[in-house]
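Okay, structure first, notes after.
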Amino acid sequence: MSPGGLSRVSLTTAMTVMVIVPVVATIGGVLVVSGFMFTPMLTAALTVCGVVGVVTVPFSIMLGRAIARRSVWEREAESARRQLVAWISHDLRTPLAGIRAMTEALEDGVVSEPGEVAVYAKQIAQEADHLSKLVDDLFQLSRITAGALKLTMHDVRLADVVSDVVAASRPVAQREGVRLRADAGEWPVVRGSDPELMRVVRNLVSNAIRHTPEGGAVAVQVDVDGGEAVVRVDDACGGIPDDVLPHVFDVGFRGSAARNPTGAGLGLSIARGLVDAHHGRIGVQNHGPGCRFEVRLPLR
């Protein structure tokens, strides 16, 4: 039995015993005082005690299970928070160490040739950009989890959102040797916020490119299904184990070593929060040579 299951059983049992013991003790006391003479008054008293037991025991079981579930959830949340802090600390430390080393090399004159200086300056700028994106992700995630995300809603053409994201992501895909394409059965219009919807699609596309091996393909498909607009992003990551699929959108999720995890694991969590803010749904399933992430949004 898992520690969480053991905790639920133990706490539920304790709550039940705490209720049953006073009821049984009361019944025993009444019987002793009455001298076991079953008078109408004794019968009434025993009936009341029985009713109290019937009402309070199920309630204590429900309360014990609820408290146990909350305790388990709090422990899991604390564990996830510590793991996330450790990951983020690592992701912050790596670029900071690189920036510091390159800065010291420039200050000490170890690197002085104009060409080398330009290379170091470019690398420092890239690391600073990485740090800026990580801080931006943390800020966005904090707004989502705190319920402080405010969206300016208007009609949004998914054609504009998807085409802009694909155009911006194509150089990265080419550098990684990944084919990136987009097509649509229809180009629907939804009610939403351009920047946030672009971020959802960008997070899914960048995640797909990152986990697709060289020579693989990433496909973005847009369609309409009933009263919903559907955006699908297919990759060639090799799939995700079924027991891991439910945790893909958890904060800090990075996948297995086989998926070559990078980053702080915030992108998919942010995507889910932004989709929820648009009253939509997001899901993932194994499909073909990899995974399919699917976003469903209400039509305008």
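Computed from the coordinates by the stated procedures, all read-outs in this text should not be read as laboratory data. Everything numeric in this text was worked out from a predicted model, so none of it was measured. Glycine also receives a Cβ, built like all others from the backbone with ideal geometry; neighbour counts cover every protein chain displayed.
Quick one: if the Förster radius is 51 Å, what FRET efficiency do THR152 and ALA105 give, using the C-beta to C-beta distance and rounding to 0.05?
Here the calculated transfer efficiency is 0.65.
Given labels modelled 7 Å from the Cα in the Cβ direction, how far is it in nm from VAL51 to LEU131?
Distance between label points: 7.1 nm.
How many percent of all Cα-Cα pairs in segment 154-298 sit more than 20 Å apart?
42
Determine the distance separating the Cα centre of segment 272-293 from the Cα centre of segment 219-237; give it in Å without decimals.
Here the two parts' Cα centres lie 9 Å apart.
If we sort 156-166, 195-205 on the protection proxy, mean other Cβ atoms within 10 Å, highest first, what's the order?
195-205, 156-166
What is the set of long-range amide H partners of LEU180 at a cut-off below 5 Å, with H atoms built 1.01 Å from backbone N?
VAL218
Find, to one decimal place in angstroms, the Kirkwood hydrodynamic radius of segment 86-146, where the mean of 1/r is taken over every pair of different Cα atoms and then inverted. Numbers along the way, then the final one.
Details: mean 1/r = 0.0776 Å⁻¹.
In segment 86-146 this quantity evaluates to 12.9 Å.
Figure the gain on full extension for HIS287 and ARG175 (residue separation times 0.36 nm, minus the Cα-Cα span) and round it to one decimal in nm.
37.9 nm
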